[in-house]
Amino acid sequence: MSDPAASIRAMYSISTAQRRARIGVRHRLADPHRGTDPGEITRSMVVLHATDPATVHLSVAARGRGLGPVQVEHALYEDRSLVRMLAMRRTMFVVPVDLVPVLHASCGADLAAKQRRTYARYLEQAGVGEGDAAGWLAEVADRTHRALLARGSATGAQLSKDVPELRTQVDTAPEKSYSRPSNITSWVLVLLGTEGRIVRARPNGTWSSSQYSWAPVESWLSGPLGDIGVDRARTELVRAWLRTFGPAPIGDLKWWTGWTLGQVRKALTGIETVEVDLDGAPGLLLADDLEPVADPPPWAALLPPLDPTPMGWQSRSWYLDDDHRSRLFDRNGNIGPSIWYDGRIVGGWAQRTDGEIVTRILEDIGTDGTALVAAEAERAAGWFGAVRPIPRFRTPLERELTA
């Protein structure tokens, strides 16, 4: 007897060309598919990487029509349709507000438990807490939360005046020559954030600043996050990822979420998917997403460091030539500013201190492709205004272009 599942799998093969077309359309990088709303653009990508604060604004601008930092700041701090939070792989993201409960349940709750154990262990090693470091930390966190509720919003320095214990100094690696004691303010704020009790509010400075004030979640989002359950949350997150980044191998999904393979497989049981062939490798695609995406017109894009498109997959050979990898990524796997043409990375770019956008195309893309890149570089020059953000993780080509 034949295997029906095997027959279904054999029917579907997704080419690299089709995967690249999906990038242009689903990631809003081809001109006809660019958006006008920062929230909708973010939702198209599921989330935006926010470890480097400038990435958020530049990722939206690259995918938008007439959008820049002003519109993104309005979405973050006025409409509050976008929220910063720690989630997958303990990484900072900007998230559509309706997805916040999903990320909190699927990632944040586990992250909070891990951080709580880690911080309590450091405190215990330092002799803080009189034998109950975990209880002491919980009490300090509760008092900090109450102080923030009273203030409405505050910086860590302001909160440390209300809760002096936040200035407790701990050396996490006293045996190392490079280690230095630091206060626990950031620990407590991170813990409260992962517990879903506070959120990052406005930065103290320009849109490229990483020094934030904090606000209680009740006042910032008009109510607590609620609990939708971890299983439902993980299923919803996987569904959203497959819609944007599928088809893809299950290993890419495991890497992106930071979950175990067992957790990924369990989340997939709540979704109807089809296994497809990706040029000889197995991949997954939503069962209702089998129709091919029409090829968009030729397009180019200048994407910022840590943009969600190049950071969406762990297996990148279908859009990144191995010869380019060492120039565009740092040693820890963080990508710098990248130039895309028709669904693949073809070079890198940088902003010099005088504001000039400089590009370096690493392969022959023809005169039409080169003209599209030049047009995008001219467009990118208008994104920054007077701000000159230095990438958090600098890569060899970015350093070379700004030398």
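Tabulated results
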item	result
Helix 16-26 vs. the chain, principal-axis angle (Cα, 0 to 90°, nearest 10)	60 degrees
Once exposed loop GluC sites (Glu not before Pro) are cut out (DSSP; at most 12 other Cβ, 10 Å), longest piece of the chain	176-271
Amide hydrogen neighbours beyond the local backbone of Val346, cut-off 5 Å, H modeled	Ile339, Trp340, Tyr341
GNM result for the chain, Cα springs below 10 Å: residue of Arg167, Arg84, Arg22 fluctuating most strongly	Arg167
Tail fraction, Cα-Cα pairs, the stretch 32-153, threshold 18 Å, whole percent	62 percent
Gained length - His33 relative to Arg232, 0.36 nm times residue gap less alpha-carbon distance	68.6 nm
The chain - accessible surface per residue (Å², probe 1.4 Å)	44 Å²
Karplus-derived 3J(HN,Hα), 6.51/-1.76/1.60, for each residue of the stretch 91-101, Hz, glycine and proline x	10, 7, 10, 9, 10, x, 4, 6, 8, 4, x
Sequence-distant residues sharing a close amide H with Tyr212 (under 5 Å, placed H)	Asn204
Range of Cα positions in the stretch 132-205 per principal axis (Å), largest first	40, 35, 22
For the chain, built as a Gaussian network whose Cα springs stay under 10 Å, the top-fluctuating residue of Thr370, Thr144, Thr235	Thr370
Mean separation of Cα contacts under 8 Å (6+ apart) over length of the stretch 248-344, as relative contact order %	30 percent
When the stretch 106-262 is reduced to its Cα atoms, the Kirkwood hydrodynamic radius in Å	17.7 Å
³J(HN,Hα) computed for each position of the stretch 255-265 - Karplus, 6.51 cos²θ - 1.76 cosθ + 1.60, integer Hz, glycine/proline x	5, 5, 7, x, 8, 6, 4, x, 5, 5, 4
Coordinate range along principal axes, alpha carbons of the stretch 212-298, Å, largest first	50, 38, 24
Computed [θ] at 222 nm, deg cm²/dmol, the chain (DSSP H ≥ 4; -39,500 (n - 2.57); rounded to nearest 500)	-12000 deg cm²/dmol
The stretch 299-403: trypsin sites (Lys or Arg not before Pro) in DSSP coil with no more than 10 other Cβ atoms inside 10 Å	Arg331
5 angstrom amide H check on Asp295, placed H, neighbours 5+ away	none
Residue with peak Gaussian network fluctuation, the chain [Cα springs, cutoff 10 Å], from Ala267, Ala75, Ala281	Ala281
Solvent-accessible area, 1.4 Å probe, carbon plus sulfur percent, for the chain	49 percent
Ranked order, His49, His104 - accessible area, probe 1.4 Å, largest first	His104, His49
Rounded tilt (10° steps) of 185-194 against the dominant C-alpha axis of the chain	60 degrees
Alpha-carbon centroid distance for the pair the stretch 112-127 / the stretch 248-282, whole angstrom	33 Å
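The values are calculated or read from the model by the stated rules, or taken from the named source; none is laboratory data. Here the structure is a predicted model, which is why all the values come from computation and not from measurement. All Cβ positions, glycine included, derive from the backbone under ideal geometry; neighbour counts span all protein chains shown. Accessible surface areas use protein heavy atoms only, side chains included; no ligands, DNA or RNA. Shrake-Rupley method; radii C 1.70, N 1.55, O 1.52, S 1.80 Å.
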